[in-house]
Amino acid sequence: MGPEHGVAVRARRALAGHDRRDAAAAEQARPLQALPATPLVRRVHECTRPPPRDHRTGLPRRIRLRPRLPRGLPTQGRHPSTLSEEEHQHLKTILARCPELQATHQHIRDFGEILTCHLGALLPDWIDTVVRDDLPGLTGYARSMNNDFDAVTAGLTLSWSSGGTEGAVNRIKKVKRQLYGRAEFELLRKLILLQ
């Protein structure tokens, strides 16, 4: 029973015409009937398999590939002051090739400065500039900030944070998950208070 069984069954179905595939698939499967099912034969069969078909129409389905991220850009997420001279030149040549990428890079750097220096007063100008440039992905992010503008501005301006509270809540949830079904409330309470 194993993979060789599946290959033989598919080949027999294609030859007998029981499969919904066209005659070309049957001709393609004919040589597989005589070959032993070695790993190499199975790999070749997987590579030559016709594209998947839509179960409703019987037509080949379109396969969507995700766009590849640019390789050779080791500077993503790093502050410009930490880049070496070679990395800085490499980044400069990449940005020179695409004006949209250069604009996106500048907007992200500006937002990083607003975030790290607590310059929430500059946020409306940043949002207007990003929306005016109409860059995919970044424009939607900037527009979504207008939904709760006061809270975003306060978060970018004030030094207060709910990080400590969030950390304590996550720690309690972790202990609760670990003890689920094993202990009573009193033991859970003691573990939370002792940590």
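Each reported figure results from applying straightforward, stated rules to the coordinates on display, with no laboratory input. Since this is a predicted model, take the numbers as computed values, not measurements. Quick reminder, even Gly has a Cβ in these numbers, built from the backbone with ideal geometry, and neighbours come from all protein chains shown.
Some points to look at:
- Checking each residue in the range 155-195 for being outside any helix (DSSP H, G or I) and under 30 Å from residue 124 (Cα atoms) picks out 158, 159, 160, 161, 162.
- Condition met for residue 123 (farther than 21 Å from residue 78 by Cα, in contact with a Phe, Trp or Tyr (Cβ under 9 Å, 6 or more places away or on another chain) and in contact (Cβ under 8 Å) with a residue 24 or more places away in the chain): yes
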